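Asker: Okay, handing you the structure first.
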Amino acid sequence: MGGFDLRSLSGHSPAAFISSLAASGFGNLDNVHLQQAVTRFNSQVSPQDAITIEAILDSPPPQSSLSKKVDGLAFQSLLSSSSQVNKARLLSVSAPFAGSWISTIPSPGLNLHLDSAECQIALRWWLGLNTAGGSCCPFCPDTVLDPLGHHAVSCRHGCFVVTRHNLLRDILAGFCHRAHLSVKIEVGYGLSLEKINSRPADILVQSWDRGHPAAFDVTVTPAILNISSIYEGAAGRVAEARKHTTNDAKCQDLGWLCIPLAVETYGNWGKEAT
């Protein structure tokens with residue numbers, strides 16, 4: 001759901017009680033406590049997700065499926081009351097695997113760790129809390145940092161954006177090497193002089209599809225890029241389309257497949273990357 005996978009005990013207690021009692025085999029139509037739990041549960045979900053005592057006794061549902069229905073209505077309510085910018089954030093952070101960094105085991109040896117200050121600011125940013133405090137961007141002195149931190153993660157005047165891109169490129173190339181694929185990075189040979197400055201392959205993998213090499217172009221895009229059209233992955237779709245516009249002709253000239261690897265700043269990967 002885009003948070004920390006922490007649920008309200010009171011909010012999900014009806015789902016837990018219904019699931020446990022139905023699975024135990026001791027539930028029945030006259031059980032007052034079961035009736036009350038079902039009534040309360042149905043008040044927490046959308047009408048199409050409402051349940052009946054007969055149905056749950058006939059086929060006891062797992063608590064996870066009931067809790068998912070409760071979360072679903074809560075999330076939709078949160079979306080409907082949010083600003084356009086916050087909707088974009090919520091849709092991005094709730095995407096599959098976007099929050100995997102939260103459950104990753106810290107490992108300094110693998111460079112998978114955050115110090116206390118980094119962790120605090122990352123968590124505030126993830127939850128949509130104020131991360132700026134009215135300060136200005138050190139690279140853009142006339143730019144006041146926005147509270148949600150979007151400028152901070154996308155400012156191109158410092159080295160962060162390039163460093164992030166290159167680290168992501170190298171990690172993906174490393175996975176290709178482990179799979180014993182023939183890989184080259186930052187490839188643009190064979191292009192004319194006017195095109196060489198815009199290499200279409202951050203990662204070039206030979207014999208990717210029926211003998212054709214694949215040019216993977218990594219791009220990280222702010223989740224709020226396309227505010228006029230709010231849906232999960234909107235910013236990633238825009239970034240993919242932009243890469244195709246820029247690189248398709250170049251790749252076609254070289255006999256390569258053009259595959260954009262777009263990921264939103266909150267960690268939601270684009271459709272072509274998945």
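The values are calculated or read from the model by the stated rules, or taken from the named source; none is laboratory data. Quantities reported herein were computed from a predicted structural model and do not represent experimental measurements. All Cβ positions, glycine included, derive from the backbone under ideal geometry; neighbour counts span all protein chains shown. Accessible surface areas use protein heavy atoms only, side chains included; no ligands, DNA or RNA. Shrake-Rupley method; radii C 1.70, N 1.55, O 1.52, S 1.80 Å.
Asker: Anything in the stretch 144-164 that is over 19 Å from ILE224 (Cβ atoms), at pLDDT 90 or above and not polar (S, T, N, Q)? List them, or say none.
Answerer: Within the stretch 144-164, just VAL162 meets the criteria.
Asker: From the list LEU78, LEU90, which residue is under 20 Å from the mean Cα position of the chain (by Cα), at pLDDT 90 or above and open to solvent by 50 Å² or more (accessible area, probe 1.4 Å)?
Answerer: So the residue among LEU78, LEU90 that is under 20 Å from the mean Cα position of the chain (by Cα), at pLDDT 90 or above and open to solvent by 50 Å² or more (accessible area, probe 1.4 Å) is LEU78.
Asker: Give the residue that is modelled with the lowest pLDDT, with candidates limited to residues of the stretch 1-38 that are exposed (fewer than 12 other Cβ atoms within 10 Å of the Cβ) and hydroxyl-bearing (Ser, Thr, Tyr).
Answerer: So the residue we want is SER8.
Asker: Write out, first by first residue and then by second, each pair whose Cβ atoms fall under 7 Å of each other, whose residues are 6+ apart or on separate chains, and whose first residue, in the stretch 45-63, is within 19 Å of SER20 (Cβ to Cβ) while the second is open to solvent by less than 40 Å² (accessible area, probe 1.4 Å) and charged (D, E, K, R).
Answerer: none
Asker: What are the pairs, 6+ residues apart or on separate chains, where a residue within the stretch 149-172 that is under 21 Å from THR131 (Cβ atoms) has its Cβ under 6 Å from a residue that is part of a loop (DSSP other than H, G, I, E, B) and open to solvent by 70 Å² or more (accessible area, probe 1.4 Å)?
Answerer: CYS155/PHE139; HIS157/PHE139; GLY158/PHE139
Asker: Among residues belonging to the stretch 108-143 that are modelled with pLDDT under 90 and aliphatic (A, V, I, L, M), point out the one that is surrounded by the fewest Cβ atoms within 10 Å (Cβ to Cβ).
Answerer: LEU110
Asker: Name the single residue, out of those in the stretch 39-55 being open to solvent by 70 Å² or more (accessible area, probe 1.4 Å) and not β-branched (Val, Ile, Thr), that is farthest from SER67 (Cα to Cα).
Answerer: GLU54
Asker: Give the number of residues within the stretch 231-256 that are of a type in the set (D, E, K, R) and open to solvent by 50 Å² or more (accessible area, probe 1.4 Å). Working first, answer last.
Answerer: Within the stretch 231-256, the subset of a type in the set (D, E, K, R) is 232, 237, 240, 242-243, 248, 250, 253.
Among the residues that remain, those that are also open to solvent by 50 Å² or more (accessible area, probe 1.4 Å) are: 232, 237, 242, 248, 253.
Within the stretch 231-256, residues that are of a type in the set (D, E, K, R) and open to solvent by 50 Å² or more (accessible area, probe 1.4 Å) number 5.
Asker: To continue, here is another question. Can you tell which of LEU21, LEU91, LEU6, LEU66 is without any contact (Cβ under 8 Å) to a residue 24 or more places away in the chain, out of contact with any Pro (no Cβ under 6 Å at 6 or more places or on another chain) and in a helix (DSSP H, G or I)?
Answerer: LEU21
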